[in-house]
Amino acid sequence: MDSNTLYYSLDLVSGSGLTLSSEQKAALQTSLVILKRNNKFNRVLFWGKILGIKGDYFIAQGVSEDEMTDKNSLYSFNCVDWHLLPPATEAMLAEVSAAAKGRFVGDPSHEYEHTEIRRQGEGDEAVEEEVMIKVKEEKRLASTVHTIDKEVSVVPRGAFIKSPHGLVQTNRSFEGLSSLEAGKLSYFLHFTEPQKLKKKSILEMADLNRSIDFLDPLSEDIPKGSWSLQFERGSTVCVIRSMLWLGLTSFHVPMTPQHGYIYMGDGLKNLDLPFML
């Protein structure tokens, strides 16, 4: 959610129990402005909070020219001092997936250890060796933020526009979805590189507007039922919750450009979802 409308946005998702203390809100209101100026970001978003055993991680994202790809994630313990997270790579994601288990500790220098048996050599001379893999929690935090953004970040249709040069930017003419449209998952999109759009036939692509229909809709997600859409506050706010990453809540106020999403949870994926439906 945009740092400029932080108080208002947090109030809209408070029905899910997602809230911050008055001290944390006040600290964020000032520190995110300083963060934006010092790093010369176009926008700063408050991404959410990942709960740890010893301490919680507050996450913010700085956006540069391209809204989708030019993002830098930062974390803080006190909502004042921010530290840059390393960019997530495929190798990092594989390491974290193998080694990191259980809840976050709350210490970026904490090391997760995992032993792997690797085969060295060929044929009769092959020898099996035990290899110790160590992964710091800072890398796990970067990987988790990247994965949640990739799998469950949500925006309403038309909120962002893609230029002929491939640049994704905020659509300044976006005035919000109607109440009827906001009640359908097909009008909400994954804000990440599309996977299913490339597989559609020419006939299916005929009715799409290339400037705004460049993302995958939530209605095509598998399994069905991985999203919960509800209207709250007398049907004035549309709230979407992810069942895959419990704690991810997206909101949109129909007929206004107000929208955003926030994650507040333990950073663990709900792998039991298929058995819950």
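The values are calculated or read from the model by the stated rules, or taken from the named source; none is laboratory data. Note that the structure is a prediction, hence the values are computed from the model and not measured. Neighbour counts are summed over all protein chains in view; Cβ atoms, including those assigned to glycine, are modelled from backbone coordinates with ideal geometry. Ligands, DNA and RNA are stripped out before the accessible areas are found, and what is left, the full protein with its side chains, is counted by its heavy atoms. Shrake-Rupley method; radii C 1.70, N 1.55, O 1.52, S 1.80 Å.
Descriptive notes on the structure:
- Filtered by the rule that a residue be touching a Gly at 6+ places or on another chain (Cβ under 7 Å) and within 19 Å of ASP56 (Cα to Cα), the range 259-277 gives ILE262, TYR263, MET264, GLY265.
- Filter result for SER143 (assigned to a helix (DSSP H, G or I), of a type in the set (Gly, Ala, Ser) and at negative phi): yes
- Residues in the range 89-108 that are open to solvent by less than 50 Å² (accessible area, probe 1.4 Å) and assigned to a helix (DSSP H, G or I): MET92, LEU93, VAL96, ALA98, ALA99.
- Candidate set: the range 116-137, residues that are under 22 Å from PRO86 (Cβ atoms) and β-branched (Val, Ile, Thr); chosen: the one most open to solvent (accessible area, probe 1.4 Å): ILE133
- Members of the range 64-85 found to be within 20 Å of THR192 (Cβ to Cβ) and touching a Ser or Thr at 6+ places or on another chain (Cβ under 9 Å), listed by number: GLU67, MET68, ASP70, LYS71, ASN72, LEU85
- Test for GLN169: is it of a type in the set (S, T, N, Q), more than 28 Å from LEU45 (Cα to Cα) and either open to solvent by 80 Å² or more (accessible area, probe 1.4 Å) or in contact with a strand residue (DSSP E or B) (Cβ under 7 Å, 6 or more places away or on another chain) (or both): no
- Count - residues of the range 12-35 that are open to solvent by 50 Å² or more (accessible area, probe 1.4 Å) and modelled with pLDDT under 85: 3
- So GLU113, is it over 24 Å from ALA27 (Cα atoms) and open to solvent by 60 Å² or more (accessible area, probe 1.4 Å): yes
- On inspection, VAL33 fails the criterion of being outside any helix (DSSP H, G or I), over 24 Å from TRP245 (Cα atoms) and not acidic (Asp, Glu).
- Residues of the range 172-195 satisfying the condition of being surrounded by fewer than 13 Cβ atoms within 10 Å (Cβ to Cβ) and either within 22 Å of the chain's Cα centre (by Cα) or touching a residue at least 12 places away in the same chain (Cβ under 8 Å) (or both): GLU175, SER178, SER186, GLN195
- Of the residues making up the range 216-254, just one is open to solvent by 60 Å² or more (accessible area, probe 1.4 Å), farther than 17 Å from LEU18 by Cα and of a type in the set (A, V, I, L, M, F, W, C), namely ILE222.
- Just one residue in the set LYS136, LYS150 is at pLDDT 80 or above, basic (Lys, Arg) and over 20 Å from the mean Cα position of the chain (by Cα); that residue is LYS136.
- Within the range 52-79, the set of residues being of a type outside the set (Asp, Glu), open to solvent by less than 60 Å² (accessible area, probe 1.4 Å) and in a loop (DSSP other than H, G, I, E, B) comprises GLY55, SER64, MET68, CYS79.
- The range 146-166, residues that are assigned to a strand (DSSP E or B), within 23 Å of GLY265 (Cα to Cα) and open to solvent by 50 Å² or more (accessible area, probe 1.4 Å): none
- Subset of the range 255-268 that is touching a Ser or Thr at 6+ places or on another chain (Cβ under 8 Å) and open to solvent by 30 Å² or more (accessible area, probe 1.4 Å) - its residue that is nearest to THR147 (Cα to Cα): HIS259
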